[in-house]
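The next block holds one structure in the form of structure tokens; read it before the comments.
The values are calculated or read from the model by the stated rules, or taken from the named source; none is laboratory data. Owing to the predicted nature of the structure, the values given are computational and were not obtained by experimental measurement. Note that we place each Cβ from the backbone using ideal geometry, even for glycine, and neighbour counts take in every protein chain shown.
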Amino acid sequence: MTSRPEFAARTAGMRPSKLRELVAAAARPSAGDVPGPTLLSLGGGLPPAEAFPARAVAEAAERALAGAAGAALQYSATEGDPELLDLVGADLAGRLRLPDPTGRLLVTTGSQQALDLIGKVLLDPGDVAVVESPAYVGALRALAGYQPRIVEAPVDDDGMDTELLAGRLRAGLRPKLCYLVPNFSNPSGRTLTARRRTRLAQLAARYGFLIVEDDPYGQLRFAGADLPPVAADAAEQVVYLGSFSKLVAPGLRVGYLAAPRWLHRALAVAKQATDLNSAALSQRLLVELLADPDWFAGHLAGLRDLYRVRAEALTGAVADRLAGRLATPMPDGGMFVWASVQTPGIDALALARAAMRRAVSVVPGNEFSLADGYPRHLRLSFSMLGPAGLVAAVDRLGDAFDDLTASG
Ligand SMILES: Cc1ncc(COP(=O)(O)O)c(C=O)c1O
């Protein structure tokens, strides 16, 4: 037997994903190595390749290297490239009316790093972290590494139910933080109403917790009007997270946060230990892209159209072909529909497995809850397939329903 050291206790909270099990099954060759039908993905929440501005990125990289190769290829400031910080700060102050973000910004290696840094500086084992439910899996995993007691706060049609949370706070719950995605959440597709945004900020001030406002999809709104962020009226109570992953490309790995003043330095110091700085080349490249605001605005408008057409195609195909079996509320933006199974006796995990046998991937709802609270839900992403692909995927989902009803 090899003698080896024990893993740290915190690894106990690091749970493997059922999603990976499904994806791994899909990657295995079909029987006798005869290729099966191409897998149609309603599973992953990734931008499709056609959403990437590859030519603009290549030209921006050329300019970044020609102009300031020394800066683009060098280590850089932990807080982030000063020009990128200026551009992000001006955007947040204008678009989101965030009060003077200067000195509160930190460029992060994706929002995922922001989630990890927040856990690192705030959570001791046993501390309470409230998380909207269903929750973004990456947030559950990032926080779980710091061994908090994670309390799930349910979401309804209007986003996180702040009155339910208020009741739990009155009853003695004392969280250090409360995590949510206020716009077109992953996975629920729901948007927190303006009234609840204000209410949540009041609760945070009253009970002394930090709101983690994760907003990677806010600029991908294709219906309705923008709402002010929770942070707009509560800058000292909210850390706001933004990301270029869904707006330009996740491969750049650039996001940012606007933190309360009392938290900013601790996060920057924690980041120094984690990775010194986020990739300087990616940041210079974004400076080059954002320096042309007309280009960026046109690019975002194109993305919003792309996702609107796809969201309509998916929800329309489900209404046509799976009425009475699956309900799919249309979101106002983002990439996700939170579908509920209507057929009695059909469990979402069984349906996801049956769908995989029919070469279509979906994510079962329980992936998004530590308490397995969503056995009748699926997350469907409309980002990866064009309208015809989405219709074909819904047809295959219909076959998967038939398979399950036929097998009893
Ligand atoms: C809600 C949410 N937060 C954060 C992330 C992580 O994004 P990033 O690429 O910026 O790390 C994702 C990615 O899918 C997400 O959906």
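Test Leu314 against the stated conditions and say whether it is in the same structural domain as Gly43 (by TED's automatic domain parsing), over 25 Å from Lys120 (Cβ atoms), in contact (Cβ under 8 Å) with a residue 60 or more places away in the chain and touching an Asp or Glu at 6+ places or on another chain (Cβ under 9 Å). No, not satisfied. The residue of region 130-153 that is surrounded by the fewest Cβ atoms within 10 Å (Cβ to Cβ), among those that are within 15 Å of the ligand (Cβ to nearest atom) and part of a strand (DSSP E or B), is Ser133. For the residues Asp233, Asp275, Asp214, Asp226, the requirement of being of a type in the set (D, E, K, R) and under 19 Å from Leu123 (Cβ atoms) singles out Asp214. Taking the numbered list (1) among the aliphatic types (A, V, I, L, M); (2) within 27 Å of Ala232 (Cβ to Cβ); (3) in the same structural domain as Lys246 (by TED's automatic domain parsing); (4) surrounded by fewer than 19 Cβ atoms within 10 Å (Cβ to Cβ) in turn, Leu267 passes all entries but (4). Taken over region 369-382, the criterion of being among the hydrophobic types (A, V, I, L, M, F, W, C) and either exposed (fewer than 15 other Cβ atoms within 10 Å of the Cβ) or in a loop (DSSP other than H, G, I, E, B) (or both) is satisfied by Leu370, Ala371, Phe382.
Looking only at region 166-189, residues that are in a strand (DSSP E or B) and more than 10 Å from the ligand (Cβ to nearest atom) come to 2 in all. State whether the residues of region 190-199 include one that is within 18 Å of the chain's Cα centre (by Cα), without any contact (Cβ under 8 Å) to a residue 60 or more places away in the chain and within 16 Å of the ligand (Cβ to nearest atom). Yes: one or more hits.
Somewhere in region 393-402, is a residue free of Cβ contacts under 8 Å to residues at least 24 places away in the same chain and surrounded by fewer than 15 Cβ atoms within 10 Å (Cβ to Cβ)? Among the residues of region 393-402, at least one is free of Cβ contacts under 8 Å to residues at least 24 places away in the same chain and surrounded by fewer than 15 Cβ atoms within 10 Å (Cβ to Cβ), which makes the answer yes.
Quick grid of which residues meet (1) more than 17 Å from the chain's Cα centre (by Cα); (2) in a helix (DSSP H, G or I); (3) aromatic (Phe, Trp, Tyr):
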position: Ile346; (1), (2), (3): yes, no, no
position: Glu367; (1), (2), (3): no, yes, no
position: Met384; (1), (2), (3): no, no, no
position: Leu404; (1), (2), (3): yes, yes, no
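Are there strands (runs of 3 or more DSSP E) fully within region 202-285 with at least 1 residues that are of a type in the set (A, V, I, L, M, F, W, C), within 15 Å of the ligand (Cβ to nearest atom) and under 30 Å from Gly67 (Cα atoms)? List them. Answer list for region 202-285: 238-243, 255-258.
Go through region 110-129 and give me each residue that's touching a helix residue (DSSP H, G or I) at 6+ places or on another chain (Cβ under 6 Å) and either surrounded by fewer than 24 Cβ atoms within 10 Å (Cβ to Cβ) or not in a strand (DSSP E or B) (or both). Hits for region 110-129 are Gln112, Leu115, Asp116, Leu117, Gly119, Lys120, Val121. Can you find, within region 43-60, the residue that is nearest to the chain's Cα centre (by Cα) among those that are in a helix (DSSP H, G or I) and buried (at least 17 other Cβ atoms within 10 Å of the Cβ)? Among residues in region 43-60 that are in a helix (DSSP H, G or I) and buried (at least 17 other Cβ atoms within 10 Å of the Cβ), the one nearest to the chain's Cα centre (by Cα) is Ala51.
Matching residues to (1) in contact (Cβ under 8 Å) with a residue 60 or more places away in the chain; (2) more than 16 Å from the ligand (Cβ to nearest atom); (3) in the same structural domain as Ala266 (by TED's automatic domain parsing):
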site: Ser41; (1), (2), (3): yes, no, no
site: Leu46; (1), (2), (3): yes, no, no
site: Gly80; (1), (2), (3): yes, no, yes
site: Asp86; (1), (2), (3): no, yes, yes
site: Pro101; (1), (2), (3): yes, yes, yes
site: Thr109; (1), (2), (3): yes, no, yes
site: Gln113; (1), (2), (3): yes, no, yes
site: Gly119; (1), (2), (3): no, no, yes
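Of the residues Gln237, Gln202, only one is under 21 Å from Ala166 (Cα atoms) and free of Cβ contacts under 8 Å to residues at least 12 places away in the same chain; which? Selected residue: Gln202, the only one of Gln237, Gln202 that is under 21 Å from Ala166 (Cα atoms) and free of Cβ contacts under 8 Å to residues at least 12 places away in the same chain. Remark: pairs (first residue in region 253-272, more than 28 Å from Val57 (Cβ to Cβ); second residue modelled with pLDDT under 95 and surrounded by fewer than 20 Cβ atoms within 10 Å (Cβ to Cβ); Cβ separation under 6 Å; 6+ apart in sequence or on different chains) = Pro260/Glu236. Screening Ala279, Ala301 for residues that are modelled with pLDDT of 95 or more and surrounded by 13 or more Cβ atoms within 10 Å (Cβ to Cβ) leaves exactly one candidate, Ala279. Met1 meets each of the listed conditions (1) assigned to a helix (DSSP H, G or I); (2) among the aliphatic types (A, V, I, L, M); (3) at pLDDT below 85 apart from (1).
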